[in-house]
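Asker: Provided herewith is a single structure, encoded as structure tokens, for subsequent inquiry.
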Amino acid sequence: MSASIDIKDKSLILAIETSCDETSVAVVKDGCEVLSSVIASQIETHKAFGGVVPEVASRKHVEVITLSIEEAVQQAGVDLQDLSAVAVTQGPGLVGALLVGVVAAKSLAFALDKPLIGTHHIAGHIYANRIVGPLEYPCMALVVSGGHTELVHLEEEGRFQLIGRTRDDAVGEAYDKVARALGFPYPGGPHVDKLALGAEETVDLPRSWLAPDSYDFSFSGLKSAVLNAVNQHKMKGQEVPVAAIAKGFQDSVTEVLVEKAVRAVKEYSSKQLLLCGGVAANQGLRQRLTSRCEEEGIPLTIPPHVYCTDNAAMIGAAAHLKWKHGLTSELDLKADPQLKLEEW
Ligand SMILES: Nc1ncnc2c1ncn2[C@@H]1O[C@H](COP(=O)(O)OP(=O)(O)OP(=O)(O)O)[C@@H](O)[C@H]1O
Ligand SMILES: [Mg+2]
């Protein structure tokens, strides 16, 4: 390896993530070593409304962004002048929330005279796996989060090809809606997961495979089937079997996710499967995916829980790829709620 590549592989990036309801700042070394990771969650604030209220999210980011930056720098024990670059989630996400991070990152980059790197949120979720260990290409990522359900083929480092996506609800969104129908607060995923794992019985629910060769997903029909099951019990004056319904829902979701991911890995000759996004915390999904990958001999990586939900360390990991290739952003960078992964 030449000396110049060695130098390019080294970086010290301060990363900022404010795309939804977590204000997060991290300092990441060489794209994989997390020196600090500060995450201020707004979940308690949004719980009262049953979901994220965009305007409230932006205001909360404004309140804590400066302190979060200071804390991340202090925890990392670095000098701001030693940073290689300042990275920030440019999109996708809530525009008002993204703006807070983008303005903070631009100001810091300008004041320090350091490069700015606009980063894609889902590239971040995928590269959270780089914090676990080196990746082998080509690899396949199964992205399961509050706003996305995607299969992404990575032919090489930083090159993303979306081969499947949700046609309606994202998987996390479906979990949250089902949880609400079963009487649980936002975010509902962990409640449904716990209920499903403890259930002794199950209510059979449909699997949404779509066309046989499709890598797309659809969860709205399944969500309606859950609502029907709940309403039928209520109309008959019967107790709603919440655990059995949760299990039926989780079995259906995880079977479809796992089987499509395994098929994609085989078709694209992926050397590795990467799981990422907040729903990667789901025990049922982890168990099913782990055992299927063992059966098929597919190496599987799942980041620790703290790097599955929104965090800035993953943004630092993804930004390192752009840093390596000199892909920095101008100071007129705009938050882009619709930013495309393939064009990041
Ligand atoms: N154990 C679990 N089982 C199922 N879902 C879960 C679990 N833990 C968290 N979730 C779900 O993960 C989602 C949050 O994930 P994440 O923070 O990655 O989403 P997001 O950042 O809002 O969406 P995106 O990354 O697509 O913009 C919520 O919908 C939550 O219910
Ligand atoms: Mg996210």
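Asker: Give me the pairs, please: first residue somewhere in segment 268-287 and more than 15 Å from GLN161 (Cα to Cα), second residue anywhere and within 16 Å of ligand 2 (Cβ to nearest atom) and open to solvent by 20 Å² or more (accessible area, probe 1.4 Å), beta-carbon distance under 6 Å, and either six or more positions apart or on two chains.
Answerer: Here the result reads LEU275/ILE302; GLY278/GLY146; GLY278/THR309; ALA280/ILE302; ALA281/HIS305, each pair linking segment 268-287 to a residue that is within 16 Å of ligand 2 (Cβ to nearest atom) and open to solvent by 20 Å² or more (accessible area, probe 1.4 Å).
Per-residue answers, yes or no, for (1) outside any loop (DSSP other than H, G, I, E, B); (2) closer than 30 Å to LYS266 by Cβ:
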| position | (1), (2) |
| --- | --- |
| THR309 | no, yes |
| LYS322 | yes, no |
| LEU327 | no, no |
| LEU331 | no, no |
| ASP336 | no, no |
| GLU342 | yes, yes |
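Asker: For segment 160-193, which positions are more than 8 Å from ligand 1 (Cβ to nearest atom), open to solvent by 10 Å² or more (accessible area, probe 1.4 Å) and under 19 Å from PRO241 (Cβ atoms)? Full working, then the answer.
Answerer: As a first pass, look at segment 160-193 and keep what is more than 8 Å from ligand 1 (Cβ to nearest atom): 160-169, 174, 177-178, 180-185, 191.
Narrowing the set further to residues that are open to solvent by 10 Å² or more (accessible area, probe 1.4 Å) leaves 160-163, 165-169, 177, 180-185, 191.
Across segment 160-193, the qualifying residues are LYS177, ARG180, ALA181, LEU182, GLY183, PHE184, HIS191.
Asker: What tally of residues in segment 10-55 results from selecting those that are within 24 Å of GLN74 (Cα to Cα), at pLDDT below 90 and surrounded by fewer than 18 Cβ atoms within 10 Å (Cβ to Cβ)?
Answerer: Within segment 10-55, residues that are within 24 Å of GLN74 (Cα to Cα), at pLDDT below 90 and surrounded by fewer than 18 Cβ atoms within 10 Å (Cβ to Cβ) number 1.
Asker: Every residue in segment 38-75 that is touching a strand residue (DSSP E or B) at 6+ places or on another chain (Cβ under 8 Å) and more than 20 Å from SER107 (Cα to Cα), please.
Answerer: Residues satisfying the conditions are ILE39, ALA40, SER41, GLN42, GLN75.
Asker: Which of the residues spanning segment 284-301 are within 16 Å of the chain's Cα centre (by Cα) and open to solvent by 40 Å² or more (accessible area, probe 1.4 Å)? Explain how you work it out, then say what you get.
Answerer: Residues of segment 284-301 within 16 Å of the chain's Cα centre (by Cα): 285-286, 301.
Matches in segment 284-301: ARG286 only.
Asker: Next question, about the same structure. Consider CYS276 carefully, then state whether it is open to solvent by less than 10 Å² (accessible area, probe 1.4 Å), touching a Pro at 6+ places or on another chain (Cβ under 7 Å) and within 21 Å of VAL25 (Cα to Cα).
Answerer: Working: open to solvent by less than 10 Å² (accessible area, probe 1.4 Å): yes; touching a Pro at 6+ places or on another chain (Cβ under 7 Å): yes; within 21 Å of VAL25 (Cα to Cα): yes.
The answer is yes for CYS276.
Asker: Taking into account only those residues within segment 140-152 that are open to solvent by less than 10 Å² (accessible area, probe 1.4 Å) and more than 8 Å from the chain's Cα centre (by Cα), which is farthest from PHE219 (Cα to Cα)?
Answerer: So, considering only residues that are open to solvent by less than 10 Å² (accessible area, probe 1.4 Å) and more than 8 Å from the chain's Cα centre (by Cα), the one farthest from PHE219 (Cα to Cα) is MET140.
Asker: Output the qualifying pairs, or none if there are none: Cβ atoms under 8 angstrom, residues six or more apart or on different chains, first residue in segment 112-137 and free of Cβ contacts under 8 Å to residues at least 40 places away in the same chain, second residue away from ligand 2 (no atom under 12 Å from the Cβ) and aliphatic (A, V, I, L, M).
Answerer: Note: pairs meeting the criteria are LEU112/LEU80; LEU112/LEU83; LEU112/VAL86; LYS114/LEU83; LYS114/ALA85; LYS114/VAL86; LYS114/LEU108.
Asker: I need every pair where a residue in segment 306-334 that is of a type in the set (Gly, Ala, Ser) has its Cβ under 7 Å from the Cβ of a residue that is more than 11 Å from ligand 1 (Cβ to nearest atom) and in a loop (DSSP other than H, G, I, E, B), sequence separation at least 6 or different chains.
Answerer: Between residues of segment 306-334 that are of a type in the set (Gly, Ala, Ser) and residues that are more than 11 Å from ligand 1 (Cβ to nearest atom) and in a loop (DSSP other than H, G, I, E, B), the close pairs are ALA317/GLY31; ALA317/CYS32.
Asker: Would you check if there is a residue in segment 101-110 being over 15 Å from the mean Cα position of the chain (by Cα), within 15 Å of ligand 1 (Cβ to nearest atom), closer than 30 Å to LEU67 by Cβ and touching a residue at least 24 places away in the same chain (Cβ under 8 Å)?
Answerer: Kept after step one, since they are over 15 Å from the mean Cα position of the chain (by Cα), are these residues of segment 101-110: 101-110.
Retained after the next criterion (residues that are within 15 Å of ligand 1 (Cβ to nearest atom)): 101.
If we keep only those that are closer than 30 Å to LEU67 by Cβ too, we end up with 101.
Now restrict to residues that are touching a residue at least 24 places away in the same chain (Cβ under 8 Å): 101.
Yes, segment 101-110 has at least one match.
Asker: Determine if segment 157-166 includes at least one residue that is without any contact (Cβ under 8 Å) to a residue 40 or more places away in the chain and of a type outside the set (Phe, Trp, Tyr). Steps first, answer last, please.
Answerer: Going residue by residue through segment 157-166, those that are without any contact (Cβ under 8 Å) to a residue 40 or more places away in the chain are 159.
Remaining after also requiring of a type outside the set (Phe, Trp, Tyr): 159.
Yes - at least one qualifying residue is present in segment 157-166.
Asker: I'd like to check which helices (runs of 4 or more DSSP H) are fully inside segment 43-160 and have at least 1 residues that are under 22 Å from LYS8 (Cα atoms). Step through it out loud before you land on a result.
Answerer: Details: elements: 43-47, 54-76, 95-112, 121-127.
Where helices (runs of 4 or more DSSP H) fall fully within segment 43-160 and carry at least 1 residues being under 22 Å from LYS8 (Cα atoms), they are 54-76, 95-112, 121-127.
The values are calculated or read from the model by the stated rules, or taken from the named source; none is laboratory data. This structure is a prediction, so every number in the text was calculated from the model and none was measured. So basically every Cβ, Gly included, is an ideal-geometry build from the backbone, and we count neighbours across all protein chains shown. Heavy atoms of the whole protein, side chains included, go into the accessibility calculation; ligands, DNA and RNA do not. Shrake-Rupley method; radii C 1.70, N 1.55, O 1.52, S 1.80 Å.
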